[in-house]
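**Q** Shown below is the structure under consideration.
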Amino acid sequence: MNNKLLKQIKIEKDTLVVNDNYINNGFVLTLINEINNIKVKKTHGYTKEVIQELIEPYLNNDKCNKIQPNIIMIMCEALYDINDIAETKLSEDPLAQIKSYSSEYTGGKLGVSVFGGTTAQTEYEVLTGNMVDFTGSQNIA
C-alpha cells in the first residue's frame, strides 16, 4: 500500500511502534501494509561463491578452530560514560571497573544502529550477527 492510498482511506502508519498500527488500523490492513517491510532484499555481489571465498581460509585452520574466547559484553541502554562530557570533573570514575577490563583485555565502545527504546533490535544484532536493516524499519526483531 502506498502512502497516498493510505491517506485516502484514512489509515495512519506509526513508523516506530508496529503494535499501534494493529490497534489503530486492525490486523488485516496492518499486515498487508507490513508485508513490504519484511522482504529481505538481495545485497549486490552477495553470492554463494563470494561467501565461500571469504570463509575458505578459516575452514581448515586448526588455530582458528581451537580458539574459544570468553566474551563479556555489557548491553545497557542506560550505561553512559559521563567522562565523555568534557566539562564533567568527577572525583572518582564510576566506570573504573568496567574500563579495567578494556585496558587488560581487548575492548572498546560499540556503536549501535538503533536508539530510543528499541533495545531488542541491538540485542538481535549482537546475538544473531544479522542486521535489523534486513527485517524492515518498522519491525521489531
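**Q** Would you mind finding the one in Lys41, Lys10, Lys4, Lys63 that is at positive phi, loosely packed, with under 11 Cβ neighbours inside 10 Å and modelled with pLDDT under 75?
**A** Lys10
**Q** Look through Glu34, Glu87, Glu53, Glu49 and report the one residue that is over 27 Å from the mean Cα position of the chain (by Cα) and either at pLDDT 70 or above or in a helix (DSSP H, G or I) (or both).
**A** Result of the check over Glu34, Glu87, Glu53, Glu49: Glu87.
**Q** Could you give me the residue pairs with C-beta distances under 6 Å whose first residue belongs to the range 79-97 and is assigned by TED's automatic domain parsing to the domain that holds Gly111, whose second residue is of a type in the set (A, V, I, L, M) wherever it lies, and which are 6+ apart or on separate chains?
**A** Asp81/Leu95; Thr88/Ile82
The values are calculated or read from the model by the stated rules, or taken from the named source; none is laboratory data. Given the structure is predicted, the values throughout are model-derived calculations rather than measurements. So basically every Cβ, Gly included, is an ideal-geometry build from the backbone, and we count neighbours across all protein chains shown.
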